[in-house]
Amino acid sequence: MSTDWDVVIIGGGAAGIAAARQLAASGLSTLLLEASQRIGGRAHTVHVAGHALDLGCGWLHSADRNPWVGIAEASGFTVDRRGPAWGQQYRDLGFSSKDQDASDEAYAAWHGRLMSDLPHSDCAADALEPGGMWNGHLQAMSGYISGAGLEQLSIADYLAYDRASTRRNWRVPAGYGTLIAASLPPSVALGLATPVEAINLEAAGVSIATRAGRINARTAILTVSTTVFVDGAIGLPPELDDWRHAAASLPLGRNEKLFLEIVGNSPFEPEIHVLGNPRNPRTGSYYIRPFGRPVIEAFFGGEGAEVLAEDGPAAGFAYAIEELAALFGADVRRNLRPLAVSNWSRMDHIGGGYSYALPGQAAVRDTLARPFDGRLFFAGEATHRHDFSTAHGAYQSGVRAADEVMAAVRPSAP
C-alpha cells in the first residue's frame, strides 16, 4: 500500500485542531478531514444581528489552567476575566433568598453524600434525599453540567470533573468557537465536507474511505464524538469493538442553547442571570445581556433540552419567553424576538452535547483513549479523565494523541 500521509486526523473540532497544532512542526505530513463544511465541532460561533453568539461552548472553564487562554492572547483575542453571574438570581425573582439558601443546602448535602457515603451503585440519583423538596433543582443542575439526569450519571465521573475544576470561568467576546476555528495551523492540509465512511487496517498502516475516494496513511487520529463512534456512521474494523463499547458507555448528553434579541425598553440589565423555575428540572438558565449586548442566552440541559431537540425551535423559543415573562412580567413578551438556536442532538456528525459516564463506567474513558497497534489513536473530550465535556479537555487529548503518534512513528533509539 502506498502511503499518502503520515497522519490523518479525523474530526476538526477542538481535539483535532489541537492534534494538528502539535503535529505542525513535526515534519510529518498531516491531513485533517472534517465531515461538515466548517471546523470547530461543538465550538461554533454564529454572527447574527451583529452579535457573536456561541451556540456551543462559550466559557473557558478552569480558565487559569486552560490552554485556550494562552492561545487566545497569543493570537490577539481579548479574554474577558470577569466571573459569571451564575448562582445569583437577579432580584430574587421567583426564587427568594430563603429558597436559594435552602437549595444550596440541599445541593451541599447531596454533594456531601457523594463524598462521604458513596452509593455502591455509583448512581448519582441514589444520593438524593427521598422526596427531597429540591430534587428537581438538583436534576436541573445535572442537566446543565452533564446533559443528563442523575439516574444516568456515574458519581465517580462527576467527582473527577468536580475535583479538577478550578471554578475560574472566563470568556472570549469574539466567541470561543471563533477562537478555536481560527487556531488550525496553515501548514496542515484540510479537507472540509469530507465525511469518513470507513477505516480499514492495512499492512502498512490504515486505509480511510471517503466519498472523495480512498486515503492511505501510516497513522490516524480519530476525534469524533462518542455518538458518531457508536452509530455506525464510520465503519470500523472488529478489532476496535472494545473502543466502540467504551464509547457506548460515554453517551452525549442533551445540551442546547437559544438566543433571544431584546428590543425596545425593557427591564433587562446587563450581566445578570436567572433560572426560570428553580424547582423544575426542565427549566432554562438565562444569561441576560452578556457583554452588555441586547440578547439573552438561554441554556437547557437534560430534560429541558428535550424541548428544543424534540419539539423544535418554535416550541423552545415559546417556552423560554414564557419562563422569562413569569419572572419579569407579561409585557416583556413584546421585547423578545427569536434570534438563534442550536440543534446538537440532531446534527449529523455530532449527535449531542458532551459526554458523561453511565454508572460504573467512568474507567472506560481510559479504554477509549488507548492507542491501537501503533496505527490508530484516539482523542476528544470523552477521552479525558477529568476535563471531559470541555474544549480544553478536548485540546489536551489532541495533544496527547499527537504525541503518541510521534512516539510511534519515530521511536526512540535503543
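Just so it is clear, none of the values below were taken in a lab; they were calculated from the coordinates. Given the structure is predicted, the values throughout are model-derived calculations rather than measurements. Don't worry about glycine lacking a Cβ; one is built from the backbone with ideal geometry, like all the others, and counts go over all protein chains shown.
General remarks:
- Spatial extent of segment 273-343: Rg and Dmax, with the Cα atoms as the point set, Å: 11.4, 32
- Residue (of LEU201, HIS47, PHE388) at the positive-pole extreme of the chain, dipole from beta-carbon charges: HIS47
- Rounded to whole Å, sorted largest first: equivalent-ellipsoid semi-axes of the chain, Cα gyration tensor: 38, 24, 18
- Cβ crowding within 10 Å averaged over residues, with 128-137, 24-33 ranked highest first: 24-33, 128-137
- Peptides 118-125, 253-260, ordered by how many other C-beta atoms sit within 10 Å of their residues on average, highest first, read 253-260, 118-125.
- Part-to-part distance (alpha-carbon centres) for segment 90-134 and segment 299-324, which is given in Å: 24 Å
- Square roots of five times the Cα gyration tensor eigenvalues for segment 155-196, Å: 31, 18, 10
- Average projected area [Cα convex hull, segment 370-414], square nanometres: 3.3 nm²
- With Cα atoms as the point set, segment 260-414 shows a radius of gyration and Dmax of 21.2, 75 Å.
- Sequence ranges 341-347, 111-117, 92-98, 182-188, ranked by mean other-Cβ count within 10 angstrom, highest first: 341-347, 182-188, 92-98, 111-117
- Rg/Rh for segment 95-164, where both radii come from Cα atoms and Rh is the Kirkwood radius: 0.95
- Debye log10 I(q)/I(0) at q = 0.15, 0.22 Å⁻¹ for segment 62-136, Cα point scatterers: -0.77, -0.94
- Angstrom value of the Kirkwood radius, inverse mean 1/r, which spans all Cα pairs in segment 76-222: 20.1 Å
- Diffusion coefficient (Stokes-Einstein, Kirkwood radius over C-alpha pairs, 10 °C, 1.306 mPa s) for segment 1-156: 80 µm²/s, rounded to a whole number.
- Cα-centred dipole magnitude for the chain, charges only on beta-carbon of K, R (+1) and D, E (-1), debye, nearest 20: 1020 debye
- Loop trypsin sites (Lys or Arg not before Pro), segment 180-227, which have at most 16 other Cβ atoms in a 10 Å radius of their Cβ (DSSP): ARG211
- Helical mean residue ellipticity (222 nm; -39500 (n - 2.57) per DSSP H run of 4+; nearest 500) of the chain: -9500 deg cm²/dmol
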